[in-house]
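Since the structure comes first, as structure tokens, the remarks are kept for the end.
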Amino acid sequence: MAGILENESHSENELTVAALQGEVEITTYKASGPGGQHKNKTETAVRLKHLPTGLVVIAREHRSQLKNRELAWERLLEKLRARQRKPKPRIPTKMPRAAKEKRLQTKAAKSTKKFERAKTRRWEEDS
């Protein structure tokens, strides 16, 4: 955790481990997977739950709880920053004039074809 604290700048808008420690519930547990007796006896996996948002991150890659804790903090900070990011506003695209004209010509051709079909049906009914 010391490595993460040193790299972070301390401005009001930036998220830091020190600022979040009161809002986070830290849980350790035994990680699953290969590793034998050492992994079965020690609680190296770390789960961080950010209480205000309900975000949960897990780190259980390393045999060291300290490394897993640092990794979990990095993941939590990354998720919180992603939540804060505002998406760029969508700029609606305008349909080109040529495309609009082509679409209208196609519609007119279909309309004419249907109209011609209706004419022949009416002629057949009359005779």
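Does region 53-72 hold any residues that are within 19 Å of the chain's Cα centre (by Cα) and assigned to a loop (DSSP other than H, G, I, E, B), and which are they?
53, 54
Report the residue count in region 12-47 for those that are assigned to a strand (DSSP E or B) and either over 21 Å from residue 85 (Cα atoms) or more than 24 Å from the chain's Cα centre (by Cα) (or both).
Of region 12-47, the ones assigned to a strand (DSSP E or B) are 24-29, 45-47.
If we keep only those that are either over 21 Å from residue 85 (Cα atoms) or more than 24 Å from the chain's Cα centre (by Cα) (or both) as well, we get 25-29, 45-47.
Of the residues in that region, 8 qualify.
Each reported figure results from applying straightforward, stated rules to the coordinates on display, with no laboratory input. Values in this document were obtained by computation on a predicted structure and should not be read as measured data.
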